[in-house]
Structures are given as structure tokens and as C-alpha cells.
Amino acid sequence: MSLGVNSISNAGAPLLATTFSQQSAPVYLTTGAADNYAGDITISLAKAAGIIGIGILSDDTTPVTLTALGANGTVLASFNVLTSASGATPENGYWAIRDLGNDIQALRITSAANLGIDDLQFAFAPEPGSLALLGAGVLLMVLGQLRRRAQ
């Protein structure tokens with residue numbers, strides 16, 4: 001688990017970590033061959049984020065739905081994406097969802113087949129106390145410059 005992630009769960013089969021090639025490929029989180037690598041995966045964050053991104057391994061025929069969820073499971077944004085595949089080899093794509101209200105609490109990734117995820121990244125919204133401290137520091141710098149000019 002990454003710092004800031006509360007849980008990663010799948011509505012169907014248990015998740016497992018696996019590689020899909022002999023190259024130095026990433027290790028994907030997926031359900032496995034038993035259910036054709038289908039997934040209804042939800043990643044819950046410890047606190048609200050302004051942006052969340054995920055690497056998707058899929059094929060070019062099965063759409064993947066990315067849904068950013070806010071408090072109480074409200075849908076903030078939802079997108080259907082396809083990765084580009086060459087022949088029988090699935091490809092990896094990376095998508096990010098940004099919410100200007102900094103309200104992203106979870107990311108749900110759904111696909112009927114051939115899904116693997118990796119490279120979860122997110123950026124938490126600054127807390128009000130941090131913003132106030134930053135503002136006070138800037139104000140003190142400006143006041144210091146004004147005082148020096150007055151002398």
C-alpha cells in the first residue's frame with residue numbers, strides 16, 4: 001500500500017500481483033485468468049486529493065471506466081478509455097483525473113475483461129492550516145521588504 005491509501009478492493013475475484021512480459025515491465029494488480037482479468041476495483045484515499053492518476057493495462061477492444069468519487073460516493077467525473085494494443089500484446093496507458101475542488105476520495109476502475117492496474121499517483125489538497133502558514137510567511141516577507149525600503 002502506498003502512503004495515503006486506505007484500501008484497494010475488488011467487487012469480484014481477489015486481487016493478485018503479476019507481470020505480463022519477460023521485459024522489465026511493471027507488476028500489475030489484477031484478478032487473474034479465472035475471471036478473464038475483469039475488475040471492479042476501488043482505491044480509497046486517506047484524505048481528499050486534487051488529482052489522481054493510474055496506469056492501465058488492457059486491450060484495444062475492452063473499454064475501461066475510470067470514475068473519481070467524492071465524499072459519500074458522489075461521482076465527480078467518469079471517463080471511458082481504451083488502450084492501444086499491437087497484435088495480441090496488451091498495452092499500458094496512463095490517465096489522470098483532476099478535480100479543481102480537491103474532493104477526490106476514491107477512484108473506481110471497471111472493465112469486463114483484460115484489466116491490470118499499476119503506478120497509482122495522487123496529490124493531496126493543501127490543508128487550510130498549511131495555506132494560512134504560507135500566506136503569513138509571504139506577508140512577513142513583503143512587510144520586511146517594505147520596511148527596508150522605508151529606511
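Amide H to amide H, with H built 1.01 Å from N, Val5 comes under 5 Å of Ala46, counting only residues 5 or more places away or on other chains. Given their separation in residues at 0.36 nm each and the Cα-Cα distance between them, Ala96 and Leu82 gain 3.7 nm when the chain is fully extended.
Taking amide hydrogens as placed 1.01 Å from N in the peptide plane, the amide H of Ile104 sits under 5 Å from those of Ala49, each at least 5 positions away in sequence or on another chain. Ranked by the mean number of other Cβ atoms within 10 Å of their residues, highest first, the peptides 42-55, 71-84, 92-105 come out as 42-55, 92-105, 71-84.
Only the coordinates and a few stated rules stand behind these numbers; no lab work does. All values derive from a computational prediction rather than experimental measurement. So basically every Cβ, Gly included, is an ideal-geometry build from the backbone, and we count neighbours across all protein chains shown.
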